[in-house]
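The values are calculated or read from the model by the stated rules, or taken from the named source; none is laboratory data. This one's a predicted model, so the numbers in the text were calculated from it and none came from an experiment. Positions of Cβ are generated from backbone atoms using ideal geometry, with glycine treated the same way; all protein chains shown enter the neighbour counts.
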Amino acid sequence: MLRASLRNLVAHKLRLFLTALSIVLAVAFVAGTYVFTDSLRASLDTLIQQNQPDVTVRPAAADFSPEFQGAGEVLTVPTELTGAIEDVPGVVMASPQVLVPNVVILDDGKPLGAETGGFTGGTAIGGDWPDDAFNPNTIAVGEPPVGAGEVAIDTGTADQLEVAPGDTVTLLLPSGERRDFTISGTTEPRAGSNFGVSFVYWAFPAAQELLLQPGQATSIAVLAEPTASQQVIADGIRPLLPTGLEAITGEQIASQVSEQLDSGLGFLNTFLLVFAIVSVFVATFLIYNTFSMLVAQRTRELALLRAIGASRGQVLRSILAEAVIVALVASLLGIVVGAGVARGLQLLFQAAGAPFPSAALVFQPRTIIVALTVGLVITLASAILPARRASVIPPMAALRDEQPRTRGLGRRTVIGGFLLGAGVGLAVMSPQLAEYGTTNAAIMAGVGALCVLIGVLATAPELARPAAAAIGSPFRGVVGRLARGNTRRNPRRTAATAGALTIGVALMSAISVLAASTQASVAGIVDDVIGADFVVTGYGFQPFSGEVSAAIRATPGVAEVAVVKQAPARAPGTGDTLITGVDPQDIQRALSLTATEGSLDDLTGGTVALDSETAAEIGAGVGTVVQVLSVVGPVDLEVVMVYEAAGGFTGYVVDLPTARELGASQQDNVVYVVKETEADATSVEADLNLALEPFPNVQVLDQSAFKDSIGDQIGQLLNFLFALLVLAVLIALLGIVNTLALSVFERTREIGLLRAVGMLRNGIRRTIVLEAFIIAVFGAVLGMVIGVAFGALLQRILASEGIEKFAVNGAQLALFLALAAVGGVLAALWPAWRGSRLRILDAIATE
Amino acid sequence: MTTTAARAASLTKIYGEGEAQVVALDGVDISIDQGRFTAIMGPSGSGKSTLMHCLAGLDSVSSGQVWIGDVDLTALKDKALTALRRDKVGFVFQSFNLIPTLTAQENITLPMDIAGTKPDQQWVDLIIDTVGLRSRLDHKPSELSGGQQQRVACARALASRPEIIFADEPTGNLDSRSGAEVLGFLRRSVDEFGQTIVMVTHDPNAASYAQRVVFLADGRIVDEMADPTAERVLDRMKRFDIEGNPTADPVS
């Protein structure tokens, strides 16, 4: 029987190809996800391992998540410690180092990449060019920087600026000073990649002078004798250090960074796998559908095998053997294609502004095992039902060419209807759960949505008939009638083909609705909460000099200015976060925060205002004392106000002096501006822009521009998610190709008859294309209904998180529908071409 | 005085190449009279189906010429040939004559629907009543018996008033009673409506409904008979068997 399976595979190369292609794509996404994150991990690991000094002396700041590090004041180490450290036994050399974020590279007076919305907003890390022993970089072209007037910049940034050694680069220093420097050379990392971050290096004295105060460094790097233990040396250095400093070994730093990476990459992996699972789910549909059709076509052949003595088990096994062979070959191919997917993900992330390096791809055994398992399991699961169905047909019935009566849709519809009802019930109830926690409600809604989806897919064959009639109704004439008839002929097949598209479109619609609602809600909050006429922010939300607010205050027509600072901290209920520092009086003129308890007027030194959700989570109210861990150590704060989170204001809010104590830098993060009531908004904005000319790293946004800037961010995220769903939709379209190709094959005689009685090739083509159109629109509309409903549900659940308004982006949904229809038509082109090329006589030739 | 509805001159059809070459038709000359019922008979492999396919413009010819009316089919491209089949030719095949997704009514008017022309309703009604399908018009083919399906196919062939109808073993899959009904109907359409019909068959009884029988063997016309009866046709066919029929090519 194995030979029969093999022969059968070889005999039907085309069907084999189409089935295999869907498995390949699904497996490729899974494998690609793993390869992508593993590769990223590997290149980061190289970077971490290679670049650590044996021991580092640094401020003992908390090991906050990377995104919060460097948000506050730059903490320093006295350089005078260097001598004492060098006296510690085993130390070869100690060298003070400077590394400070927030040096802005200017390109034609604007921050580099500010226009394209790069996530660093043109901000570079500035530092000294250390001794070779500690330097993770080398000079690629030119010379190391010497003196106060020279810098070296990383090669990537130099390419972006289109400059070379000898040219001039303009920098905006953290102090607010703007200066030109001569580029002495370009640098590149010894291993790994800069991950798109820009670097600027000076000789040590210049770096110290420009970025810090005399006698300061940000760390001291220690080179140990090769035989010495890092731990022993760190222990030896520790007694020399004043409080607030720590000596930490290279291994410790590497493992700390590694841990942070693990959680970050773990999240990324899970996130991508969710999309991979969607693709796998869609592919399962396609594979199931293909096997159903293949088996149905081979009913007579299988019956012949049965008639000449093959047992039911043998027939079943022969089909499953076929499935296993296809699955293995396709999965292996999928792993290879997965490399391409991983590369695609790298490009996708790069396009989304996260410049992950195009590093060498890493295939771990785990990747291959998971990919093969996924391929085998989904293929076998898809093949087993059709195989069983084929094996129970009485051989003579099949040989007499009695079409296997499509079993009544009864049981399936009943189960589907039940799931649909249960799903709707769960979904409708889930927002009630939101009071007890958004996550629980979201899980319940998700389960409900899954039930609804499966329920709809199960009942879809019932829907397919009337839906096909409705969608096809505008198409008159014999072509329309035939296409409608063909889609209604086998409602199960139509529904299964459309169902794959339904899943993809449902997810895209749900995301679209959620995004539109978020944008509308944010806009609403900006309207309701932000009383300020203008918001001044740094490009890429980077902090900016305190002189900015002074310049704004001096601008004519400006009535009120409210400054916002941020300090990184680890706080109860929020984890690693940024504590917001405001002037209680100023901020109330710019924002209308709703107090549920206490008043912002009471906000003074050592006190804090908390948003209601965080307060509820940690059980705090006015009078409660909470302890937060700041960069300078633990600090106790008394709650004096609880407010409704709104307009980006959430979490811990303290007054400005307290924020400084907690480690907020002299730089500001946001400035709200209220104009004088009678002043003209346009002229005030013009004056502000004029006043802020010396500060090219900040931008003035009026309310609508502020809304747009937030909307743009959501839009970018949205496009990224859509790109990840594209593969699922592609697989679904492949399903349409598959179904139509097999249908054309089945209908050879019918097509021949139509040609004989006078239908042109073009008529045949149009019939098949129209059939695909009907299937695609059916699937897309179904998906859209589910997706919009689910999106509405998520909006209600997340209402307490600030997504208070429900909104639908009609144009976007219409675009999805149009794309699905166009995709369906494109999917039909090849089967249609094949159909139109069939020989008339094939229909007439009697067996 | 009869005129010619279709004609073939030195019609040759060769399948395959070199060693595997099979001559299905070997210089056939034939004229089909207008308004008459012509049967083409011959043993299996005689080339009778190939002859019909070539006459009807369903298959290309290797050499020679074929006319329907004044039109030389061998000079036509696919598009023109398709339009000619649609407008001037009717077909009844042995099996699979109907589109399963269309009702009987829709199948009957299919060629005109494809052409986008309006059927002559009176004429269509007359045919539907003649074949006795008035009560089954809204049924799908799967809900009709084999005989009913074949009558629908005949009705379709007639509905567009083609210049000529080709029937390929139209009763091959039917029991004798249903077969007789279909043949009777075909004959009536010749007698009453002046329809031209060419029927390929190997059944002497079916051939007896025709007004003229052309006998084909080994791709050549070997004999013909006017006003045949089943007995005479059977006698003639038996002579083929006695004479022996060495060719056994699978093309039929």
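Across region A:142-158, the number of residues qualifying as among the charged types (D, E, K, R) and under 14 Å from A:Arg179 (Cβ atoms) comes to 1. Looking only at residues in region A:180-207 that are in contact with a Gly (Cβ under 9 Å, 6 or more places away or on another chain) and among the charged types (D, E, K, R), which one is modelled with the lowest pLDDT? My answer is A:Glu188.
A:Leu47 meets the conditions (1) modelled with pLDDT of 85 or more; (2) closer than 26 Å to A:Thr76 by Cα; (3) among the hydrophobic types (A, V, I, L, M, F, W, C) in every case but one. The failed one is (1). Taking the residues in region B:90-117 that are surrounded by fewer than 23 Cβ atoms within 10 Å (Cβ to Cβ) and more than 10 Å from every other protein chain (Cβ to nearest Cβ) as candidates, determine which candidate is modelled with the highest pLDDT. Filtering first and then ranking leaves B:Gln105. Kindly indicate the residue of region A:176-202 that is surrounded by fewer than 20 Cβ atoms within 10 Å (Cβ to Cβ) and hydrophobic (A, V, I, L, M, F, W, C) and also nearest to A:Asp128 (Cα to Cα) among those meeting that condition. If we take residues in region A:176-202 being surrounded by fewer than 20 Cβ atoms within 10 Å (Cβ to Cβ) and hydrophobic (A, V, I, L, M, F, W, C), then A:Val197 is nearest to A:Asp128 (Cα to Cα).
Considering the conditions (1) in contact with a Ser or Thr (Cβ under 9 Å, 6 or more places away or on another chain); (2) more than 14 Å from chain B (Cβ to nearest Cβ); (3) assigned to a helix (DSSP H, G or I); (4) of a type outside the set (A, V, I, L, M), A:Gly763 is excluded by exactly one of them, (2). Only one of the numbered conditions (1) at pLDDT 90 or above; (2) of a type in the set (Val, Ile, Thr); (3) within 26 Å of A:Leu754 (Cα to Cα) is not met by B:Ile30, and that is (3). The condition (being assigned by TED's automatic domain parsing to the domain that holds A:Ile736 and modelled with pLDDT under 90) is satisfied by just one residue among A:Arg839, A:Arg765: A:Arg839.
Entry remark, region B:60-91: residues being among the β-branched types (Val, Ile, Thr), within 18 Å of B:Asp168 (Cβ to Cβ) and out of contact with any Leu (no Cβ under 8 Å at 6 or more places or on another chain) number 1 in total.
Residue by residue through region A:229-246, note down the ones that are modelled with pLDDT of 85 or more and either assigned to a loop (DSSP other than H, G, I, E, B) or of a type in the set (Ser, Thr, Tyr) (or both). The answer is A:Ser229, A:Leu241, A:Pro242. A Cβ distance below 6 Å, combined with a sequence gap of six or more or placement on separate chains, defines the contacts here; from region A:460-481, residues that are more than 21 Å from B:Asn107 (Cα to Cα) reach residues that are crowded, with 20+ Cβ neighbours inside 10 Å and of a type in the set (A, V, I, L, M) in the pairs A:Ala460/A:Ala495; A:Pro461/A:Ala495; A:Ala464/A:Ala495; A:Ile471/A:Ile774; A:Ile471/A:Val777.
Look at (1) touching a strand residue (DSSP E or B) at 6+ places or on another chain (Cβ under 6 Å); (2) modelled with pLDDT under 90 and you find that B:Ala8 fails only one, number (2). A:Phe349 meets the conditions (1) farther than 9 Å from A:Gly32 by Cβ; (2) at pLDDT 85 or above in every case but one. The failed one is (2). Could you please let me know if A:Ala307 is at pLDDT below 80, farther than 20 Å from A:Leu727 by Cα and over 22 Å from the mean Cα position of the chain (by Cα)? Yes: the conditions hold for A:Ala307. Residues satisfying the criterion are absent from region B:72-89 (criterion: assigned to a loop (DSSP other than H, G, I, E, B), within 10 Å of chain A (Cβ to nearest Cβ) and under 30 Å from B:Glu143 (Cβ atoms)). The residues of region B:90-109 that are assigned to a strand (DSSP E or B), of a type in the set (A, V, I, L, M, F, W, C) and farther than 14 Å from A:Leu754 by Cβ amount to a single one, B:Val92.
In the set (1) surrounded by fewer than 19 Cβ atoms within 10 Å (Cβ to Cβ); (2) of a type in the set (S, T, N, Q); (3) away from chain A (no Cβ under 12 Å), B:Gln148 fails one condition alone, (1). The helices (runs of 4 or more DSSP H) found wholly in region A:521-621 and carrying at least 3 residues that are at pLDDT below 90 and surrounded by fewer than 20 Cβ atoms within 10 Å (Cβ to Cβ) occupy A:584-590, A:612-618. The set of residues in region B:191-202 being under 14 Å from the mean Cα position of the chain (by Cα) and surrounded by fewer than 20 Cβ atoms within 10 Å (Cβ to Cβ) consists of B:His202 alone.
Would you please name the residue that is farthest from the chain's Cα centre (by Cα), looking only at residues in region B:157-171 that are more than 13 Å from chain A (Cβ to nearest Cβ) and assigned to a loop (DSSP other than H, G, I, E, B)? That would be B:Arg161. Do we have A:Gly250 as buried (at least 18 other Cβ atoms within 10 Å of the Cβ), among the small types (Gly, Ala, Ser) and touching an Asp or Glu at 6+ places or on another chain (Cβ under 8 Å) here? So A:Gly250 fits the description; yes.
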